[in-house]
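The structure appears right after this line, and notes come after that.
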Amino acid sequence: MVLVTGAAGYIGSHVCIALLDAGLDVVAVDNLCNSSKASLERVQSICGRTLVFRHADIRNEDVIYDALRAYGVTAVVHLAGLKAVGDSNIRPMTYYENNVLGTMRLVSAMKRANVKSLVFSSSATVYGIPNYLPLDEKHPLGPTNPYGRTKLVIEEMLKDLCGSDDGWRIGNLRYFNPVGAHESGLVGEDPIGVPSNLLPFVAQVAIGRREKLQIWGNDYATPDGTGIRDFIHVVDLASGHLSALRHLIKPGVLTVNLGTGNGSSVLEVVRTFEAVSGRSVPYEVKERRAGDVAACFADPTFAMDALGWKSTRSLQQMCADHWRWQLQNPNGYHGSELPKVRERPRHLHRRA
Ligand code: NAD
Ligand code: WQD
């Protein structure tokens with residue numbers, strides 16, 4: 001049994017699918033501060049399997065401890081956290097309290113329950129401004145915002161924990177830019193308010209919810225002048241968690257990039273999205289966004305060596321799947337009924 005924190009969120013819901021599809025049982029924990037339980041209902045629909053949902057905050061150590069014991073949990077995938085870079089500049093202590101203190105409480109509960117296998121959602125943002133590309137795991141660390149610093153503090157904390165007790169097996173997964181959605185179009189990213197990330201914004205322009213995209217700068221030292229990022233399909237990313245769980249055999253910390261190794265520019269994303277959706281994505285070029293770097297992409301070699309994992313999905317597929325989700329759920333999870341599931345057996349089961 002695997003306990004997944006932040007399970008109802010964008011990446012968490014796809015991780016739950018990967019785990020259920022692999023035959024593992026899942027306890028899904030989420031306080032729903034940035035998500036909806038509807039995502040987990042759809043996860044169960046897609047997989048034709050049930051999971052246990054606990055509406056709980058990871059800072060509530062006793063509740064987490066009870067869940068670990070009650071369901072015989074053997075490993076935890078920890079995705080719960082606040083993730084908005086701009087917001088973290090405005091209310092940094094909220095980020096430290098939720099992300100760092102939350103992880104401390106979670107780990108305390110795990111220690112009490114003698115569950116010592118953990119896969120943690122870190123971020124490529126821990127690298128800060130690249131000294132060289134592609135970014136390998138040995139690149140110096142220097143996050144440039146409070147959100148990124150919470151991720152680095154947690155990584156360091158988990159390293160110290162492993163140093164103190166060789167019973168722990170921990171995987172720090174440094175995600176690059178997760179995009180796309182499950183191929184069913186039933187689960188995907190459902191940002192609240194104006195999206196700050198590129199793909200959700202592009203998708204909302206394509207469907208007519210927003211007039212045009214603002215491209216933050218076209219004067220970078222890149223082939224077309226726009227920023228380059230390592231976009232990774234969320235389903236590939238989710239499968240990386242399964243690989244990590246399977247490779248948590250040796251004691252200690254394993255820190256791994258989850259990226260494709262390919263950089264795509266903002267303009268390439270816009271063109272690809274237009275091609276797969278058949279819609280136009282009007283844009284205007286604006287000043288650079290503060291804190292952005294010209295290019296950022298992973299060296300994914302170590303993920304292959306350590307986990308036997310690599311991404312397989314193309315930018316076309318990322319855009320096509322993102323578009324399907326947007327088209328089928330123009331208002332995200334809100335106000336839309338559960339669309340019909342095709343092909344897979346349906347066995348929807350709801351738990352309080
Ligand atoms: P998300 O907001 O969709 O999911 C996070 C989930 O955690 C939400 O469902 C939220 O309700 C829940 N949550 C937050 N605080 C909680 C708490 N104290 N107790 C219980 N539940 C809580 O975000 P996501 O994109 O799915 O990101 C998942 C993880 O991956 C986060 O830790 C994020 O920092 C990390 N990450 C995300 C990205 C990205 O671009 N999406 C990139 C790198 C790392
Ligand atoms: C990508 C590119 C923008 C929006 C962020 C976080 C990072 C990680 C992933 C969690 C850049 C450009 C964007 C728009 C644009 N999250 N852009 N117009 O900034 O690489 O990473 O999400 O760990 O910590 O910082 O992703 O999608 O915001 O931007 O031109 O409306 O798209 O300038 O070049 P980013 P993004």
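Each reported figure results from applying straightforward, stated rules to the coordinates on display, with no laboratory input. The model shown is predicted, which means the values in this text are computed figures rather than measured ones. A quick note on method: Cβ atoms are made from the backbone with ideal geometry, for glycine too, and the neighbour counts reach across all protein chains shown.
For the residue pairs LYS212/LYS286; LYS138/LYS159; LYS83/LYS151, the alpha carbons lie no more than 19 Å apart in every case.
Positive end of the dipole of the chain (Cβ unit charges, origin at the Cα centre): among ASN60, VAL276, SER45, the Cα lying farthest that way belongs to SER45.
Can you list the aspartates and glutamates whose alpha carbon is less than 20 Å from that of LYS310, not counting same-chain residues fewer than 8 positions off? The reachable aspartates and glutamates, counting only those whose Cα sits under 20 Å from LYS310, are ASP21, ASP136, GLU137, GLU183, ASP230, ASP236, ASP299, ASP321. Ranking ASN218, VAL73, PRO300 by Cα position along the charge dipole of the chain, where only Lys, Arg, Asp and Glu carry charges on their C-beta atoms, puts VAL73 farthest toward the positive end. On the beta carbon distance between GLN328 and THR94, with R0 = 45 Å, the FRET formula returns roughly 0.85.
Full extension of the chain between GLU156 and LYS212 yields a length gain of 16.1 nm, computed as 0.36 nm times the residue separation minus the alpha carbon distance.
Across the stretch 116-170, the relative contact order, built from alpha-carbon pairs under 8 Å that are at least six residues apart, equals 45 percent.
Charged side chains reduced to their Cβ positions (Lys and Arg at +1, Asp and Glu at -1) give the chain a dipole of some 740 debye around its Cα centre. Taking every C-alpha pair closer than 8 Å and separated by at least 6 residues, the mean separation divided by the residue count of the stretch 1-157 gives a relative contact order of 23 percent. Taking every alpha-carbon pair under 8 Å whose residues sit at least 6 apart, the chain reaches a relative contact order of 22 percent. Computed from the C-beta positions of GLU274 and ASP166, the FRET efficiency with R₀ = 51 Å rounds to 0.45. Mean projected area of the Cα convex hull of the stretch 2-328, taken over all directions, amounts to 15.2 nm².
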